[in-house]
Amino acid sequence: MADIFDVIADGTRREILQLLLARTSGGEHGGTSVSRIVADLGVSQPTVSKHLKVLREAGLVSVREEGQHRYYSLSTAPLDIVDDWLMPFMLEQEQEELPALPGSAAQAAEAVGRAAASAKHALSSVFSRMPGR
């Protein structure tokens with residue numbers, strides 16, 4: 001399996017992921033056809049297919065076949081690795097904003113900061129999936 005960071009480093013693949021997220025948020029839960037992705041992104045069908053293959057192999061999209069048509073849906077679970085990697089950086093920034101606290105108070109503040117960052121991530125994930133976002 002490819003490194004998730006290598007997979008999402010490509011701009012076209014990120015655009016495909018954003019398109020699939022928007023379609024899911026917009027109420028389309030049966031998937032998005034390759035031809036729709038091609039039309040929306042203005043990229044050639046072979047290019048889209050190449051990127052969808054990489055995304056599928058990384059587990060970021062799933063495919064449903066219906067006759068000769070393929071419908072792709074977003075699978076966000078592999079992005080948890082990215083989230084886990086980013087979390088310490090988000091916590092570090094929040095800790096820099098805290099006043100210096102003695103021993104156990106500092107540990108408690110750190111735990112609260114981690115919980116707040118997790119809650120912030122969860123809420124932003126929920127809001128990004130809401131229609132009109």
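The values are calculated or read from the model by the stated rules, or taken from the named source; none is laboratory data. Bear in mind that the values here come from a model prediction, so they are computed numbers and not experimental data. Positions of Cβ are backbone-derived with ideal geometry, glycine not excepted, and every protein chain shown enters the neighbour counts.
Table for the structure above
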read-out	value
Restricting region 20-67 to residues that are assigned to a strand (DSSP E or B) and touching a strand residue (DSSP E or B) at 6+ places or on another chain (Cβ under 7 Å), the residue that is surrounded by the most Cβ atoms within 10 Å (Cβ to Cβ)	V61
Verdict on L86 being at pLDDT 90 or above and not basic (K, R)	no
Test: residue in region 31-47 that is under 21 Å from L79 (Cα atoms) and small (G, A, S)	yes
Boolean, R70 is basic (K, R) and more than 25 Å from V82 (Cα to Cα)	yes
Flag for S49 being at pLDDT 95 or above and among the hydroxyl-bearing types (S, T, Y)	yes
Flag if T47 is of a type outside the set (F, W, Y) and in contact with a Leu (Cβ under 8 Å, 6 or more places away or on another chain)	no
